[in-house]
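J.: My questions will all concern the structure given below.
The values are calculated or read from the model by the stated rules, or taken from the named source; none is laboratory data. These figures come from a predicted structure and were not determined experimentally. Cβ: placed from backbone, ideal geometry, glycine included. Neighbour counts: every protein chain shown.
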Amino acid sequence: MDEVTGSPPQLNRRVALITGGARGIGRAIALDLAGEGWDVALCFRTSRREAEETAAAITGAGQRAIAVQCDVSDPAAAEALVGQVERDWGRIDALINGAGPYHRINLLEESVDGWRSMFDHNLHPVFYLGRLVAPGMQRRRWGRIISFSMANADQQIAQTEVTAHYIAKVGVLVLTRSLAKQLAPHGITVNAISPGFIRSGSAPEAELAAMVKRIPAGYLGETADAVAVTRFLLSDGARYVTGANIHLSGGWGM
C-alpha cells in the first residue's frame, strides 16, 4: 500500500473508509462526509491523481483525509488497509464499498481472467473488508456498511454483455442481507444502494443522454442523489434500516 496524503490523528471523531473514493460517486460522498466533520480514508487502485486531489480538497478545507493505494481484491492488502486506518485513527465507523469496475464483452467471448476479475473487484472485497471492520464496530456497538450494487440486479435478468459484473452485483445484494442479519444485534446496519444512470463521469455523456428516454423519471441522476441516500443511511435516523436495497435510478430497471 502507498499512502499519498495524511494528517495527524484525533481519535474522538467518526471515520469512514471509502473504496473507489477518488472520483465519481465515491469522491462526492467523501467530500460530503468531510464537510459533516467525518475523517475520510480514501482507497484507490489506479486513480492516484484524482485521489490526491480529493484528499487535498478535504485537508485544504481543514478536515482530515488520507488516500491509500490498495488493491482490495487481495485479502492481505485489504487486511493491511483496515489495520493502517485503525492504527492511525483508532477506528472505522463506516465502510463504503464504492469500487466497482466493469467491462463490456459478449459472454462467449469473455476470458477466464476477465470473468474472475469482475468477482475479484466487485464482490470479494465486500466480504474481505466487511469481516475486517466488523470487530471494531461490534466493540463500539455502532457501525455502518454500505455497498453499491446496480439498479436491476435484484431482477436477475439475462445480461449477455456484462454477465460477470452483473452476477457479482447480485452477490453484493445477498452478502449485504447476510451481513445485515449477522451484525444487527451489535448496532450495525448494512445496506445497499443500487444506482441506475448517474452522471458521475464514469460513462460517456452521449451514452448517458441516449438512456434518458428509458428512465421513467425523465432525467439522469447526479452524484448529489447518491450522497443524499448515503447520508441518510449513515445517520441515526436510519438506525432501524438494515438489509435494504435502495434503488437510485428514477424508476429504471424495475
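J.: Identify, please: which residue in the range 209-254 is within 17 Å of the chain's Cα centre (by Cα) and of a type in the set (V, I, T) and is, among those, nearest to S149 (Cα to Cα)?
T.: Result: I246.
J.: Moving on to the next point. Please verify whether the range 90-102 includes one or more residues that are in contact (Cβ under 8 Å) with a residue 24 or more places away in the chain, assigned to a helix (DSSP H, G or I) and among the hydroxyl-bearing types (S, T, Y).
T.: Looking for residues that are in contact (Cβ under 8 Å) with a residue 24 or more places away in the chain, assigned to a helix (DSSP H, G or I) and among the hydroxyl-bearing types (S, T, Y), one finds none in the range 90-102, hence no.
J.: Okay, moving on. Quick one: how many residues across the range 173-197 are part of a helix (DSSP H, G or I) and surrounded by fewer than 23 Cβ atoms within 10 Å (Cβ to Cβ)?
T.: So the count comes out to 12.
J.: Those residues that are hydrophobic (A, V, I, L, M, F, W, C), crowded, with 21+ Cβ neighbours inside 10 Å and either outside any helix (DSSP H, G or I) or out of contact with any Leu (no Cβ under 6 Å at 6 or more places or on another chain) (or both), I need them from the range 158-171; list them, please.
T.: A164
J.: Kindly indicate the residue of the range 94-123 that is within 22 Å of T242 (Cβ to Cβ) and out of contact with any strand residue (DSSP E or B) (no Cβ under 8 Å at 6 or more places or on another chain) and also surrounded by the most Cβ atoms within 10 Å (Cβ to Cβ) among those meeting that condition.
T.: The qualifying residue surrounded by the most Cβ atoms within 10 Å (Cβ to Cβ) is N122.
J.: Quick one: how many residues across the range 45-95 are within 22 Å of R14 (Cα to Cα) and hydroxyl-bearing (S, T, Y)?
T.: So the answer is 2.
J.: Right, another one. If you scan the range 127-157, which residues turn out to be farther than 30 Å from R87 by Cα, surrounded by 15 or more Cβ atoms within 10 Å (Cβ to Cβ) and hydrophobic (A, V, I, L, M, F, W, C)?
T.: M150, A151, A153
J.: I would also like to ask the following. Can you tell me which residue is surrounded by the most Cβ atoms within 10 Å (Cβ to Cβ) among those in the range 198-240 that are among the acidic types (D, E) and under 19 Å from G253 (Cβ atoms)?
T.: Among those residues, the one meeting the criterion is D225.
J.: Among what's in the range 198-215 and is at pLDDT below 85 and assigned to a helix (DSSP H, G or I), pick the residue that is farthest from H103 (Cα to Cα).
T.: Per the criteria, the residue is A209.
J.: Moving to a separate point now. Could you say whether any residue in the range 136-157 is farther than 22 Å from S200 by Cα, out of contact with any Cys (no Cβ under 6 Å at 6 or more places or on another chain), free of Cβ contacts under 8 Å to residues at least 24 places away in the same chain and outside any helix (DSSP H, G or I)?
T.: Within the range 136-157 (the criterion being farther than 22 Å from S200 by Cα, out of contact with any Cys (no Cβ under 6 Å at 6 or more places or on another chain), free of Cβ contacts under 8 Å to residues at least 24 places away in the same chain and outside any helix (DSSP H, G or I)), the answer is yes, since at least one residue qualifies.
J.: Go through the residues of the range 240-252 one by one and say whether even a single one is among the aromatic types (F, W, Y), without any contact (Cβ under 8 Å) to a residue 60 or more places away in the chain, in a helix (DSSP H, G or I) and over 21 Å from A158 (Cβ atoms).
T.: No; the residues of the range 240-252 include none that is among the aromatic types (F, W, Y), without any contact (Cβ under 8 Å) to a residue 60 or more places away in the chain, in a helix (DSSP H, G or I) and over 21 Å from A158 (Cβ atoms).
J.: Tell me which residues, restricted to the range 20-64, are within 17 Å of S147 (Cβ to Cβ) and either hydroxyl-bearing (S, T, Y) or over 14 Å from the mean Cα position of the chain (by Cα) (or both).
T.: none
J.: Going through the range 40-76 one residue at a time, which ones are of a type in the set (S, T, Y) and either touching a Lys or Arg at 6+ places or on another chain (Cβ under 9 Å) or within 18 Å of D93 (Cα to Cα) (or both)?
T.: S47, T54, S73, listed by residue number.
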